[in-house]
Structures are given as C-alpha cells and as structure tokens.
1. Arrange the peptides 147-158, 15-26 so that the one whose residues have, on average, the most other Cβ atoms within 10 Å appears first.
2. Short version: ³J(HN,Hα) in whole Hz for each residue of the range 114-125, in order, from phi by Karplus 6.51 cos²θ - 1.76 cosθ + 1.60 (θ = phi - 60°), x for Gly and Pro, what are they?
3. Ranked highest first by the average count of other Cβ atoms within 10 Å around their residues, in what order do 104-117, 35-48 fall?
4. Indicate the gyration tensor shape class of the range 12-86 (rounded, prolate or oblate), computed on the Cα atoms with a ≥ b ≥ c the square roots of the eigenvalues: a/c under 1.5 is rounded; otherwise a/b larger than b/c is prolate and the rest oblate.
5. Could you size up the charge dipole of the range 12-86 around its Cα centre, putting +1 on the beta carbon of Lys and Arg and -1 on that of Asp and Glu, and report it in debye to the nearest 20?
6. If you look for lysine pairs in the range 12-86 that are eight or more places apart or on different chains, how many of them have Cα atoms under 18 Å apart?
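Read-outs: derived from the displayed coordinates by stated rules, not from any lab. Keep in mind that this is a model prediction, so the values were computed, not measured. Cβ placement follows ideal geometry from the backbone for every residue including glycine, while neighbour counts extend to all protein chains displayed.
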Amino acid sequence: MAKRTRHKSGKPEAVKADFHAALDRLIAGKPKSKELKSQAALGRLRINATNLAKEAGRSAALIWRPFYADVKERLESLSAPKRQADVPPTVSAIRELREALKQQMEDAKRHWVDTVDLHTKLAKKESEIETYRSDMEQLSKDAHKLRVENAKLREQLHGTNIATFPSQKK
C-alpha cells in the first residue's frame, strides 16, 4: 500500500512560513530531513537553496520568485559569510601551504630547465675549448716543423750552419 503524504498548502504565505521555519532549523543545525540530519551529524551541513528546499519540503525554484525575495536575501546573507566562517584555521593554513608549495614547485621546474640549458651550453663550450686546444697543439707542432725545415733550407742555401731556435735547444 502506498504511503500517504500530507499535502502542503500552496498559499504563498504558508510557503514563505515553511521556508523561514526550515531556515531556522538549518541555522540551529537541527534539520528534520533524514539526509540533512546525516550531513549535520558529520558536520557537513551547508545552508544553501537546495538544502533549504529539502528541509522545507518545497521546490528550490520557489526561492527565486519575487514573492520570496526576503527568504532569498536571508539565505544569501547567511550562506556567504558562513562559508568563510566554516573554514577552520588549520584548513586555511593548509590551503596557503599548498599554494606556496605549488609556487615553489613551479619555480623549481623553471630553475631546473635553466640549469639544464646552462649545462648544455657549458658542455658545448668545453667541447669547443678542447677543439681549440687540440688545434693549437697541432699548429704548434706544424710551426716547429716549419722552423726546422726553414733552418735546413737556409743552411742549404748559404752553406753554413745557422743558429737554431731556442725551442730547439736542449
């Protein structure tokens, strides 16, 4: 057999009274709705249009009608500051720390990329320096060979022994 429900009055004054009474119960933290009771027991009861409509047993769409503007204003005045007041200091501190950590992680990533770029550039420069060193050593050897050859050629040309360069004396 179907459960009988009590039909509520559709008169605007009665609806307004239901909303105000429901709002009072939500503020007190003592709702009649089973779902809202369980939320209140867990400390998760929020005062908003949906929960107000559930507690009042009315449609949430009614709250936005012009006749119920006082209910809407009262709901908005309670819910906005309540959201800020509901946040414990530890939660605020955790949020701030998470934000700071997120910022530090982004900074660290940027620094890491910069460091990798600098190491890549440093490796290229060290490679270039090594190439220049080996080129200089080769040029130095070639210059020495040319000096020796030049000395031999002068000797052949003039038929006399020409002084050797200081780099050749030992």
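1. In decreasing order of mean packing, 147-158, 15-26 become 15-26, 147-158.
2. So the Karplus estimates, Gly and Pro as x, are 4, 5, 4, 4, 5, 5, 5, 5, 4, 4, 4, 5 Hz.
3. Values: 104-117: 10.0, 35-48: 14.5.
Top to bottom by mean Cβ count within 10 Å: 35-48, 104-117.
4. oblate
5. 280
6. Going through the range 12-86 pair by pair, I get 10.
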